[in-house]
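Please read the structure below before turning to the comments.
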Amino acid sequence: MDRSILEIDDLTLELGGRRILDCLSLDLWEGHVHAVVGPNGAGKSTLANTVMGLSGYREYTGTVKFLGNDLYGLSVDQRARLGIGMAWQEPARFRGLGVEDFILSGSEDKSAEKAADCLMKVDLDPEKYLDRAVDGTLSGGERKRIELASILAQAPRLVMMDEPDSGIDVEALKRIFDAISVLRGMGSTVLLITHSMTVLEQADHAFLLCCGSIQDKGGVEKITEFYAGRCIPCDHKNRPEEGC
Amino acid sequence: MGDSELVRKMYESLGEGCITSPGVAHIEIHGNTVLGLHLVPGLVVEAEEREDGVRAMVRIEHGARIEKPVNMCFGLIPEKGVQRIEMDVEVGEDAAAAVVSSCTFPNAVDVLHEMQAVVRLGPGSEYSYLERHVHSPGGGVKVVPRSFVDLGEGASFMADFEMLRGRAGELDIVYEAVCAASSVLEMNARISGSGDDRIRIHEKATLSGEHSRGVLTTNIAVRDSAWADIRNTIRAEAAYARGHVDCREIVRDGATARAVPVIEVTHPLAHVTHEAALGSVDSKQLETLMARGLTEDEATDMIIAGLLSPRYKAEVTR
Ligand SMILES: Nc1ncnc2c1ncn2[C@@H]1O[C@H](COP(=O)(O)OP(=O)(O)OP(=O)(O)O)[C@@H](O)[C@H]1O
Ligand SMILES: [Mg+2]
């Protein structure tokens, strides 16, 4: 039996006086790869930030439950220790923080071999990168891959990846897809946030997010068809009325 | 205590053993006594003991390239005392050397350490100078380094000041540099302050030659009731001179940080920038690490450790 790892019910969140998530409900099955697609500004990153409990995203109505635990009021690290992990759309830069320390920050195994192994899984040469800093001297794509390496080392039960393909070249994207397979193999549940069809194809199930709520869900083919054919040209005309 | 015992104690406080390799030049000065001096070809040192310190002339001969870093070790093992060092450094044309200077006052209760250095870099020479301090946990030390650096045409000078072990105590740094055409200057300070430490850094670089470049970087973390005041100045006077002043200070508890970057340009083809950020750690950095399961305190410590590591170097904008 598939069991739910993340259950979201009627999630509503306002930012700057605007309703960004609007009675959003979704359910993720454990061990599967899910995708949330939707146009720019639909609320995809907001959804991930809210599940992770980032500052500014903690006040909402509705419920968010992870493995049955209500997440409301929990800090980011408490959520991480429950098993939630996240890769940012635009990863942070850290002055002077070494790549190795960063990769191992959430790992139980603190060995250099572990860091090297995770770097190789995202196709970066440990010899070239382990001693560098996770700062602005890395390209955007390198930082994203290093962040993914840190996620592999952390091995969370749920990984939210916000636009894993942004700033990534075609070859590197294949390695990122390999890493997603590795996560799947470890039993992690993956939530891919994207507006790319190529990324969407990696998923088992997809949700279409528009104007802060889920407009449709189902198999990847169905959502792809709807997203490309009707959603993108729709110009948000299907915005729901206020109230759940 | 015998000389060799003092030398051993100085290196021990740095977490190191005595230097034994014949290829590595070193000099050890405890208080006003030169305890050890070992030279390599191309390096000339003349040291004169004075009442409360040592005056040293250091010369890297023209064209000499000293392969391994020269180790200088200054310090006082007792709880009280004064050490005044006067140093004249001359780096000959096209010469190259790196110096690691360790200043250790591991038991200081009431210690004064003064350093007056004049460094002259000949054309095309390269000199890098790392000064790292180990102080007592009680912070009973006042450190007053004064340096004047004169960079010849095409010379390069990299200085890195590190105060991370023990308490800074009272630290009052004044560095000044003048850069001739096509020379490159980098001065970097990494300091952690706690208790009632007082940290003052005044650095000034004058980019007087065309195509000269200068970067002054300060990374500081203060906590408890420590206090840091950074005034770094770059003045660019020539075409294509490029400068950048960069200051990052993380403040915790009841500490205070102040930064006053001064940038001054007197030539229309020169360009100088500055960047300063003071206060809490960046929330995105913090939350990224907390999303790996680190507590807020653990994440903050890790961010500060990165900031204070020698890995970070600011760069001039082109
Ligand atoms: N702090 C804020 N205050 C006001 N509005 C905000 C704030 N943060 C985000 N928004 C708005 O919320 C909406 C959703 O933003 P979000 O970043 O979640 O979109 P997204 O679906 O991830 O888009 P993209 O595909 O461009 O990454 C946008 O219209 C954005 O402008
Ligand atoms: Mg987004």
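Hey, got a sec? Which GluC sites (Glu not before Pro) in the range A:1-71 land in a DSSP loop and have at most 14 other Cβ atoms within 10 Å? List each step's numbers first, then the result.
Working: sites: A:GLU7, A:GLU14, A:GLU30, A:GLU59; in loops: A:GLU30, A:GLU59.
Loop-located and lightly packed - A:GLU59.
Starting from the Cα of B:GLU46, step 7 Å along the direction of its Cβ; do the same at B:GLU61; then give the gap between the two resulting points in nm.
1.6 nm
If amide H atoms are built 1.01 Å from N in the plane of the peptide, which residues on other chains or at least 5 residues away come under 5 Å of the amide H of B:GLU131?
Hits under the 5 Å cutoff: B:SER101, B:ASP160, B:PHE161, B:GLU162.
Using the heavy atoms of the protein chains and a 1.4 angstrom probe, tell me the accessible area per residue for chain A in square angstrom. Present the calculation step by step, with values, prior to reporting the outcome.
Values: 10350 Å² over 244 residues.
With all protein chains present, chain A gives 42 Å² per residue.
Need one value for B:304-311: mean number of C-beta atoms belonging to other chains within 10 Å of its residues' C-beta atoms.
Working: counts 3, 4, 10, 4, 2, 6, 1, 12.
What the average comes to for B:304-311 is 5.
What does the charge add up to near B:GLU49, with Lys and Arg as +1, Asp and Glu as -1, over the other residues with Cβ less than 12 Å from its Cβ? Don't skip to the end; give the middle numbers.
Numbers: positive: B:ARG50, B:ARG55, B:ARG84; negative: B:GLU46, B:GLU48, B:GLU51, B:ASP52, B:GLU86.
Once positives and negatives cancel, what remains is -2.
What percentages make up the Cα-Cα pair-distance distribution of the range B:3-307 when the bins are 10 Å wide from 0?
Each 10 Å bin holds this share of Cα pairs: 6, 26, 32, 25, 10, 1.
For peptide B:194-202, compute the average count of partner chain beta-carbon atoms within 10 Å of each residue's beta-carbon.
Numbers: counts 0, 0, 0, 0, 0, 0, 0, 0, 0.
Average neighbour count from other chains, rounded to a whole number: 0.
Using a 1.4 Å probe on the protein heavy atoms, what percent of the accessible area of chain A belongs to carbon and sulfur?
Details: 4780 of 10350 Å².
Accessible surface attributable to carbon and sulfur in chain A totals 46 percent.
Leaving out ligands and nucleic acids, and using a 1.4 Å probe, what accessible area per residue does chain B come to in Å²? List each step's numbers first, then the result.
Numbers: 12680 Å² over 318 residues.
In whole numbers, chain B has 40 Å² accessible per residue.
Of the listed pairs B:LYS142/B:LYS284; A:LYS44/A:LYS114; B:LYS9/B:LYS204; A:LYS44/A:LYS222; A:LYS44/A:LYS110, which have alpha-carbon separations greater than 26 Å here? Display every interim value, and only then the final one.
Numbers: B:LYS142/B:LYS284 37 Å; A:LYS44/A:LYS114 32 Å; B:LYS9/B:LYS204 36 Å; A:LYS44/A:LYS222 19 Å; A:LYS44/A:LYS110 33 Å.
In this structure, B:LYS142/B:LYS284; A:LYS44/A:LYS114; B:LYS9/B:LYS204; A:LYS44/A:LYS110 exceed 26 Å between Cα atoms.
In Å² (nearest 100), what accessible area is buried between B and A, both sides summed, heavy protein atoms only, 1.4 Å probe?
Numbers: alone 13800 and 11420 Å², together 23020 Å².
Counting protein atoms only, the buried area is about 2200 Å².
Can you pull the percent of the range B:3-307's accessible area that's carbon plus sulfur, 1.4 Å probe, other chains left in place?
On the way: 5560 of 11760 Å².
Answer for the range B:3-307 is 47 percent, counting heavy atoms of protein chains only.
Give me the extension gain from B:CYS18 to B:VAL82: residue separation times 0.36 nm, minus the current Cα-Cα distance, reported in nm with one decimal.
Details: separation 64, 0.36 × 64 = 23.04 nm, distance 2.37 nm.
Gain in length upon complete extension: 20.7 nm.
Applying a 10 Å radius around every beta-carbon, put B:52-61, B:31-40 in order of their mean neighbour count, most first. Display every interim value, and only then the final one.
Values: B:52-61: 18.5, B:31-40: 16.4.
Taking the mean over residues of other Cβ atoms within 10 Å, the ranking is B:52-61, B:31-40.
From other protein chains only, count the Cβ atoms within 10 Å of every residue's Cβ in A:102-108, then give the mean.
Values: counts 5, 1, 1, 10, 6, 2, 1.
Counting other chains' Cβ atoms within 10 Å and averaging over A:102-108 gives 4.
Looking only at the range B:3-307, where both bridge partners belong to it, what percent of the DSSP beta bridges are antiparallel (to the nearest 5)?
Numbers: 12 of 147 bridges.
Among the beta bridges of the range B:3-307, antiparallel pairing accounts for roughly 10 percent.
Roughly what % of Cα-Cα distances in the protein assembly as shown sit above 30 Å, to the whole percent?
On the way: 93462 of 157641 pairs.
Roughly 59 percent, once rounded to a whole number.
What nm value, rounded to one decimal, do you get for the distance between B:ASP297 and B:THR266 when each label is placed 7 Å out toward the C-beta?
Inter-label distance under the simple model: 5.2 nm.
Please compute the modelled spin-label separation between A:TYR72 and A:SER139, points set 7 Å along Cα→Cβ, answer in nm with one decimal.
4.6 nm
Could you work out how much longer the chain between A:LEU82 and A:ASP2 gets when fully extended? Use 0.36 nm per residue separation minus the Cα distance between them, nm to one decimal.
Between A:LEU82 and A:ASP2, full extension yields 26.9 nm more.
Kirkwood Rh, the range A:101-237, all Cα pairs: how many Å?
Values: mean 1/r = 0.0619 Å⁻¹.
Hydrodynamic radius (Kirkwood, Cα pairs) of the range A:101-237 is 16.2 Å.
Taking a cut-off of 12 Å, what percent of all Cα-Cα pairs in the range A:56-101 are separated by more than that? Intermediate values should be presented prior to the final figure.
Numbers: 748 of 1035 pairs.
I get 72 percent for the Cα pairs in the range A:56-101 exceeding 12 Å.
How would you order A:164-172, B:171-179 from highest to lowest mean count of nearby Cβ atoms within 10 Å?
Details: A:164-172: 15.7, B:171-179: 21.4.
Taking the mean over residues of other Cβ atoms within 10 Å, the ranking is B:171-179, A:164-172.
The values are calculated or read from the model by the stated rules, or taken from the named source; none is laboratory data. None of the values given here were measured: they were computed from a predicted structure. Every residue, glycine among them, receives a Cβ derived from its backbone with ideal geometry; neighbour counts consider all protein chains shown. Note: areas computed on protein heavy atoms with side chains; ligands, DNA, RNA excluded. Shrake-Rupley method; radii C 1.70, N 1.55, O 1.52, S 1.80 Å.
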